[in-house]
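**Q** Submitted below is the structure of interest, expressed as structure tokens.
Bear in mind these aren't lab numbers, they're just calculated from the coordinates by the rules spelled out. Here the structure is a predicted model, which is why all the values come from computation and not from measurement. Here the Cβ is made from the backbone with ideal geometry for all residues, glycine too, and neighbour counts use every protein chain on show.
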Amino acid sequence: MMEQLLTGLALEKDMMAAPKETVSKKYGWDCGVVNSQAIVDATVSVLERMDELAALIDVRDNDLYEADRARILSLATSLELGDTVAELSARLTEFRMRLMFAPLKFYEGNREMLKLVAENIVDSYDVASEDPVIETALQGLREQTSEEPTAEDYEKMIKSFIRFVPKLRESNVMMLGQLIQSMHREAEVFGFSTDPEIVTFFQQLDIVVAGAIRPDEFMAITEMLNDFEPTITSRVVELAPLETLHQFTVNVIAGVQQARQEGMSFGAEADEKLDKASDELNHGMLEREQYRMILRGIRELHVQA
């Protein structure tokens, strides 16, 4: 028997049909589960955030929403040691996208609710208003909501904006992926890629990324990475021979420079930080604490980006 889903609109089906890769699978951290409860906790955290949005658009008590939610939680609780979180992450992404489409299904013709949804979109995406992916679409939505649109007008505006959301999400995931990949590479090179604390953190991160669409959701993820970054850097600095640590730091800077040449932006302070780090490294071997500070500075560039 086919499961009933919260939504199933034509535009949504087109987006869902596009191939999806979880962060862990795409960027090389698809390890087996080592802490089942930590995975459940991360999933519950994502679902609770979705519950808040569902309440805002008045679908939290909807039977289909609850059924979708229960399936996700059941999948999380059924994971055993050694299982992958890739399937759980993919299902979370689909659920989050269905929630994004829910107002178009449940409030067709309801001008006041659609107006609330449009205004919430403007507020939620304002922090990313200069992102070229959504800049024009968001500006258009902002201008139109200041007029007196009909319910049909609101539906068209919301659909028009939603078309740009997957591309913006993909851009955000790519930026996070570059940072995650660099951390993963460090863990492999220096021999702590199977450390339960490290593996569990990245699995939890994968789940949180899977449930993120809006800019504020991704900003919370960068805070997670910022909070955990000292753990990764400390392991590298403590474990590596000085010669290896020196060359590794040189390679990290070269990787950032290469990414910049390929069009990735690392913020206004990138030139100064990279030039200063390169100058220090050109003077020869450094103290361990100096390498720690350089690596943390480079990581901050990723987070700022």
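**Q** Compute log10 of I(q)/I(0) for the range 157-305 with the Debye formula, placing one identical point scatterer on every Cα and leaving out solvent, at q = 0.09, 0.10, 0.22 Å⁻¹, to two decimals.
**A** For the range 157-305, the Cα-only Debye profile gives -0.31, -0.38, -1.49.
**Q** So, one more: Based on C-alpha coordinates, I'd like the Rg and Dmax of the chain, in Å.
**A** Rg and Dmax of the chain, Cα atoms, are 21.5, 69 Å.
**Q** Which longest uninterrupted range of the chain lacks any GluC sites (Glu not before Pro) assigned by DSSP to a loop state (not H, G, I, E or B) and surrounded by at most 11 other Cβ atoms within 10 Å? It would help to have the intermediate numbers written out before the result.
**A** Details: sites that count: E3, E80, E130, E147, E262, E287.
Longest gap between qualifying sites, sites excluded: 148-261.
**Q** How big is the charge dipole of the range 128-253 about its Cα centre, in debye rounded to the nearest 20, if each Lys and Arg gets +1 on its Cβ and each Asp and Glu gets -1 on its Cβ?
**A** That gives a dipole near 320 debye.
**Q** Let me ask another. Rounded to the nearest 20 debye, what is the charge dipole size of the range 245-291 about its Cα centre when +1 sits on each Lys and Arg Cβ and -1 on each Asp and Glu Cβ?
**A** Values: 4 positive and 9 negative charges, 34 e Å.
Roughly 160 debye, rounded to the nearest 20.
**Q** So, in Å, what gap is there between the alpha-carbon centers of the range 223-241 and the range 153-213?
**A** 19 Å
**Q** Related question: Compute the projected area of the convex hull of the Cα atoms of the range 35-99, averaged over all viewing directions, and report it in nm² to one decimal place.
**A** Across all orientations, the range 35-99 yields a mean hull projection of 3.9 nm².
**Q** Follow-up question, since we're still on this one. Let me check the size of the range 71-189 from its C-alpha atoms; what are the radius of gyration and Dmax in Å?
**A** Answer for the range 71-189, Rg first and Dmax second: 18.3, 59 Å.
**Q** Also, quick follow-up: Assuming 0.36 nm per residue, please report the length gained on full extension of the stretch A90 to S278 beyond their Cα-Cα distance.
**A** This chain segment gains 63.7 nm when fully extended.
**Q** I want to check the label-to-label distance for E289 and S74. Put each point 7 Å from Cα in the C-beta direction and report it in nm to one decimal.
**A** It works out to 5.6 nm between the two label points.
**Q** Keeping to pairs on different chains or 8 or more places apart, tell me how many lysine pairs in the chain have Cα atoms under 25 Å apart.
**A** The result is 21.
**Q** Given the options H283, H246, H184, state which has the largest fluctuation in a GNM of the chain using a 10 Å cut-off (strictly under) for Cα springs.
**A** Looking only at H283, H246, H184, the biggest GNM fluctuation is shown by H283.
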